[in-house]
1. Using a basic spin-label model with each label point 7 Å from the Cα along Cα→Cβ, how many nm lie between residue 141 and residue 183?
2. Go through 46/111; 236/267; 79/267 and tell me which ones have a Cα-Cα distance over 32 Å in this structure.
3. I need the calculated FRET efficiency for the pair residue 268 and residue 80, taking r as the beta carbon distance and R₀ as 22 Å, to the nearest 0.05.
4. Fewest to most neighbouring Cβ within 10 Å: what's the order for 207, 168, 110?
5. Distance in nm between label sites at residue 275 and residue 164, each 7 Å beyond Cα in the beta-carbon direction?
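What follows draws every value from the coordinates through simple rules; no lab data is involved. Remember, it's a predicted structure, so these values are computed and weren't measured experimentally. Methodologically, a virtual Cβ is constructed for each residue, glycine included, from the backbone with ideal geometry; neighbour enumeration extends over all protein chains shown.
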Amino acid sequence: MLSALIWNFLRLAAYLTVLFVLVSFIINLLQQLIPYHKLEQYLFSKNPVLGALVALIFAFLTPFCSCSTVPLVVNMLQKKIRFSIVMIFLFTSPVLDPTILTLMAVLLGWKVAAVFTFTTSVLGVIIGFGLERFGFQRYIKSVIMSGFHGEPKNEGRLDPAAAFRTTWTLMRTVYPYLIIGAVIGSGIKELVPTEWITAYFGGEQWWLIPAAAIVGIPLYIRLSTMIPISQIMIAKGMALGPVMALMISSAGASLPEVAMLGAIFRKELVAAFVVSVITMATLSGTIFYLI
């Protein structure tokens, strides 16, 4: 059993490594052609649809985890960008990572990745405008942040060396979580009986989805870690709805992020943020359950 576990891990890790490096390099190279400064101007647009669309584009182009999103959110608030637009970015940036979405499409299927992208984007926009509609912008604290520069370099021209350096940075920051996921996924495949997963997590019980959404918050499992784990869990019979709910809630919010948000948001807005992430995860999981 140990040899099978090691072999499965090495095979999965090698596959994920090649895929991660290739996809990351290509995406980082193409991102150099994107006019970030021009896009940022549209974040100030009075047209809410245009502002929301650009916020989603920024979320897709900035591969940040939930914690590293917070400094950019502070920067956006200081620039007086509309509250709803900032919140859309806050909700969607941790879950709309082009590299991870590509891995999701390869490992779980392009339909799963497409539905995941669509549901999280739409729900992020609805929640962002909803919080503004109910006046939660009044719960923002006055925070000053200096020394932050979020604009990418080499904008407008291809620089393979710069793309490689960015890929190497991702290898040191994001890639370890992918390997952790491969370790856990290999362990689940070899050590956890399929019948046990099917019996407890593969049924039609509606409560599995909100339960997974709530459990995901304190776990702080990055999306890159959840991808290989979810592939194994689904293959062993776990329902897709709870898997997606767990994936979104664990990536969309975490206890460290909530603590950081407490420095810029009052407790009412922090609570609304946590409830919103759980709601987004639950609704997304339910959509996967229904289809």
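1. 3.5 nm
2. Table pairs above 32 Å Cα-Cα are 46/111; 236/267.
3. Approximately 0.55, to the nearest 0.05.
4. 207, 110, 168
5. Placing both labels 7 Å beyond Cα along the Cβ direction yields 5.2 nm.
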